[in-house]
1. Using only alpha carbon pairs under 8 Å that are at least six residues apart, calculate the relative contact order of region 20-91 and give it in whole percent.
2. Can you tell me the length gained on complete extension of the stretch A248 to F78, counting 0.36 nm per residue apart and subtracting the Cα distance?
3. Using a/c under 1.5 as the rounded threshold, could you call region 25-105 rounded, prolate or oblate? The axes a ≥ b ≥ c are square roots of the C-alpha gyration tensor eigenvalues, and prolate needs a/b larger than b/c, oblate otherwise.
4. Take every Cα pair under 8 Å in region 3-348 that's 6+ residues apart, average their separations, divide by the length, and report that relative contact order as a whole percent.
5. Where a ≥ b ≥ c are the square roots of the eigenvalues of the C-alpha gyration tensor, would you call region 205-281 rounded, which needs a/c under 1.5, or, failing that, prolate if a/b is larger than b/c, or oblate?
6. With respect to the cross-link table entries K212/K307; K38/K326; K125/K326; K101/K185; K185/K310; K37/K212, which display a Cα-Cα separation exceeding 31 Å?
7. T334 to R50: extension gain in nm, 0.36 nm per residue of separation minus the Cα-Cα distance?
8. Counting other C-beta atoms within 10 Å, which of I247, I47, I146 has the fewest, and how do the rest follow?
Amino acid sequence: MSKSQSMRSIILAFLLIGLSLNSFGQFAFNNISFELKKPPNNPYRIIQTRDGETTKVEEFDETGRQVFQYIQGDIPPFFNWTEPHRFIYAFEYDESGKTVKRYAFNSNAGHNIYEYEYSDDSSTKHSYQRSYPDEGKQNTNAYADIERLRTFSDLMNSSEVAVMNSSDRIFLNREHLDQNRNPIKYVEYSKMHKDTLSTTTKYDVELREIKKTVVNSKGEINRENVYEYLDSKSQISTINHYRNGQIAFFYRFAETKNEAGETEYSYSERKGTLNVRHNQYEEGYLTSITVYKTKFKGELIVPVSKKFKKVAEMKYTYNELGLMEKEEMNNYETGEKETRTYKYQIENL
């Protein structure tokens, strides 16, 4: 998968999550990963600022892999915080390119280090977790001081990482991989279900997921995801949740794209309303998202027409380097409008 394809998959995943949770088309700002049109062949850092304040930092190694990301978001409207919500993600890789460590810092929820160990033939992957001590200050943004950790080096030399590296390592799950490093079986203990769950994934000849089945320790199906590919451009996904051996409820959503990959549609039904997101791309860069809704009449994939109500829209503008310099949001239902602009600095490491 190319870097452009990977970025698009990540963006689409976030957009699908937003679509399923919020039918009113509100958007997360600054949700576009950095991708230079002509990246250097050496390690480098990109610093993004808005109104003179650092809002995002990303570092890449000589192969173009992301090794560090610092994000400064907003203060959620439902909390009386004095500092913005901040996140840090970082990655370490082995010589073959496999991820062996992932760092996840959250100024509100706390910090974790995830470690991955592979068998000699890479057919099995074990995941472990080290956690920063919980101060018991939930939803207070108690760790806002991670603002000081704006580089990979800062993170590695931080007291938080030192504390976690000396903490107990907890086993999370075991993953069995095929020759393409795709997961075929995933075993973990679920705290929510208080049981061991096994997830089995099946693929078609084109290595596309066609079914993902989650069973408990008694062999009973907990959830089953079924993916149907109508053609090379369209997919319908059905998420079935089981109770006592029967489907208790299910969700369905769909995706379509044109041959050139310049436009994508995501469809989701919720309480009798069909929600549609239209993503427009130019040269691999997301340039706009438009959200529509209409009455659901039994079909998920329906051409957008004048009968659809335009709910919201986000437009992105990029500079000559390929970095987003402006995003414009317009929520037609609430009347809310907002424009944000960004500046960048690139440093060779």
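Readers should treat all values here as calculations from the given coordinates under stated rules, not as data from a laboratory. The structure presented is a predicted model; accordingly, all values stated were derived computationally and were not measured. Every residue, glycine as well, gets a Cβ built from its backbone with ideal geometry; the counts of neighbours run over all protein chains shown.
1. Details: 97 pairs, mean separation 14.3, N = 72.
Relative contact order comes out at 20 percent.
2. Details: separation 170, 0.36 × 170 = 61.20 nm, distance 3.30 nm.
So the chain would gain 57.9 nm between A248 and F78.
3. Numbers: a/c = 2.45, a/b = 1.71, b/c = 1.44.
Here region 25-105 falls in the prolate category.
4. Values: 700 pairs, mean separation 44.9, N = 346.
The normalised contact order for region 3-348 reaches 13 percent.
5. Values: a/c = 3.82, a/b = 1.69, b/c = 2.26.
Oblate is the answer for region 205-281, as a/c is 1.5 or above yet b/c matches or exceeds a/b.
6. Details: K212/K307 36 Å; K38/K326 20 Å; K125/K326 41 Å; K101/K185 21 Å; K185/K310 41 Å; K37/K212 36 Å.
Beyond 31 Å: K212/K307; K125/K326; K185/K310; K37/K212.
7. Values: separation 284, 0.36 × 284 = 102.24 nm, distance 2.50 nm.
Difference between extended and current length: 99.7 nm.
8. Values: I247 13, I47 18, I146 21.
With the sparsest Cβ surroundings first, the list reads I247, I47, I146.
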